[in-house]
Amino acid sequence: MSSVASRSPAKSQKPYFVGIDVGGTNIKIGLVDDAGQTLGYHTIPTEQDRGAEDACRRMAEVVGNLIAESGVDFADVVRVGLATPGPMDIPSGMILCPGNLPGWWNFPIRERAAHHLQLPVTFNNDANAAAYGEYWKGAGAQFHSMVLLTLGTGIGGGIIIGDLLIEGAHSCGSECGHILVDPRRDDAPRDTLGKTGSLEAYACATGVVARTEAALEAGTKSLLAEKPATGKEITPRIVAEAAERGDELARQVVMDTAFWLAIGIVSLVHTIDPDAVVLGGAMTFGGAASPLGRDFLQRIRDEVRPRLLEPLRDKLQIEFATLQGDAGYIGAAGLARLDSRR
């Protein structure tokens, strides 16, 4: 799927940057100007079974086409930002062992991407890139510092202070989904890495489904009881739809998710003291456009506020992300832009 260039080169600001956001299913690629405006955009299937080298080659082809279609001079494109799932070794440019890209493990992706693209490459974690995208051009643009939590199959995180992205000494900084919120229960749920009691275990899509199924197995009445009987899988979207129809169990699951997110946010805020916490990803229960999403956000705020140190209670902002699926490639381009100025 390709988009028409959103701005002509005459109205854009040089220099230009490319942002690439690699996911388990699709790779999003955007050509972005110095002001963060997208001139062209394209997605391709990841096809992870074809390997990382093949993906680097295909990414370079798309980038070449985007530059040609947008009418900009290749010489004015100065750097590429590449974001992939972790774990990774950012200083060495290695993608290590991401669970959703099993054929790409221990691959020197920065060097190989730069080879095919014929441009220098800035490499980072996909959640960090999304955080920078929101900070640069999205919900965090008005703040000096922010934490982004991306809610989906897992929980990603990104922390921005000024123009500083917190990567950590071992490229594992800002792994907010793995902070512990319930470490003592023997039957605590497990997260995507098999760890028990983490924020991700309780508040990601898998956790939502697991809590729903456990309640149904215990005999709780719900519209959702029809789904297993018909062979249909329960998903967060189905839970949200039931909650919007007034289903008590579904709504409770959504609000329990808000509670666990609030507990995690309190720890993050007391550690970092950011201006804002921004919530993005696919599992925001409709976000700001939905009454359920707005109730979900308000419950998080209500649970966070009384647990904060008093000076923080009226200062911290908790908001939904605004860039949606574009945050990753815009943020990757923004990080490339930062590197080009150093």
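Conditions tested, residue by residue: (1) free of Cβ contacts under 8 Å to residues at least 12 places away in the same chain; (2) more than 23 Å from GLY99 (Cβ to Cβ); (3) not in a loop (DSSP other than H, G, I, E, B).
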position	(1), (2), (3)
GLY140	no, yes, no
MET146	no, yes, yes
GLU200	no, no, yes
VAL208	no, no, yes
GLU213	no, no, yes
GLY219	yes, yes, no
LEU224	no, yes, yes
GLU241	yes, yes, yes
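For (1) of a type in the set (Ser, Thr, Tyr); (2) surrounded by 22 or more Cβ atoms within 10 Å (Cβ to Cβ); (3) closer than 20 Å to LYS137 by Cα, each residue gets a yes or a no:
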| site | (1), (2), (3) |
| --- | --- |
| TYR16 | yes, yes, yes |
| ASP21 | no, yes, yes |
| ASN26 | no, no, no |
| GLY36 | no, no, yes |
| THR43 | yes, no, no |
| CYS56 | no, yes, no |
| VAL63 | no, yes, no |
| ILE67 | no, no, no |
| PHE74 | no, no, no |
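Tell me which residues, restricted to the range 103-116, are buried (at least 22 other Cβ atoms within 10 Å of the Cβ) and in contact (Cβ under 8 Å) with a residue 60 or more places away in the chain.
Within the range 103-116, just ALA113 meets the criteria.
Which is touching a residue at least 60 places away in the same chain (Cβ under 8 Å), surrounded by fewer than 19 Cβ atoms within 10 Å (Cβ to Cβ) and outside the structural domain of ALA114 (by TED's automatic domain parsing), of SER290, SER267?
Only one candidate passes the filter, namely SER267.
Looking at (1) of a type outside the set (D, E, K, R); (2) within 29 Å of VAL209 (Cβ to Cβ); (3) in a helix (DSSP H, G or I), find the lone condition where MET283 falls short.
(3)
Regarding GLU47, is this residue farther than 30 Å from GLY177 by Cβ, out of contact with any helix residue (DSSP H, G or I) (no Cβ under 6 Å at 6 or more places or on another chain) and not assigned by TED's automatic domain parsing to the domain that holds SER174?
Against the criterion (farther than 30 Å from GLY177 by Cβ, out of contact with any helix residue (DSSP H, G or I) (no Cβ under 6 Å at 6 or more places or on another chain) and not assigned by TED's automatic domain parsing to the domain that holds SER174), GLU47 does not qualify.
What number of residues in the range 111-136 are within 15 Å of the chain's Cα centre (by Cα) and not acidic (Asp, Glu)?
11
For the range 187-198, how many residues meet the condition of being under 15 Å from GLY177 (Cβ atoms) and either in a helix (DSSP H, G or I) or among the charged types (D, E, K, R) (or both)?
So the count comes out to 3.
Here are some residues: ASN100, ASN124. Which one is touching a residue at least 60 places away in the same chain (Cβ under 8 Å), outside the structural domain of LEU268 (by TED's automatic domain parsing) and either more than 19 Å from ASP54 (Cβ to Cβ) or aromatic (Phe, Trp, Tyr) (or both)?
The unique qualifying residue is ASN124.
Within the range 302-324, can you find the residues that are assigned to a helix (DSSP H, G or I) and surrounded by fewer than 17 Cβ atoms within 10 Å (Cβ to Cβ)?
Of everything in the range 302-324, those that are assigned to a helix (DSSP H, G or I) and surrounded by fewer than 17 Cβ atoms within 10 Å (Cβ to Cβ) turn out to be ASP302, ARG305, PRO306, ARG307, GLU310, PRO311, LEU312, GLN324.
Tell me which residues, restricted to the range 105-137, are over 19 Å from GLY19 (Cβ atoms) and in contact with a helix residue (DSSP H, G or I) (Cβ under 7 Å, 6 or more places away or on another chain).
Result: PHE107, single match.
The values are calculated or read from the model by the stated rules, or taken from the named source; none is laboratory data. Please read these numbers as outputs of a predicted model, since none were measured by experiment. Cβ sites come from the backbone with ideal geometry, for glycine too, and all protein chains shown count toward neighbours.
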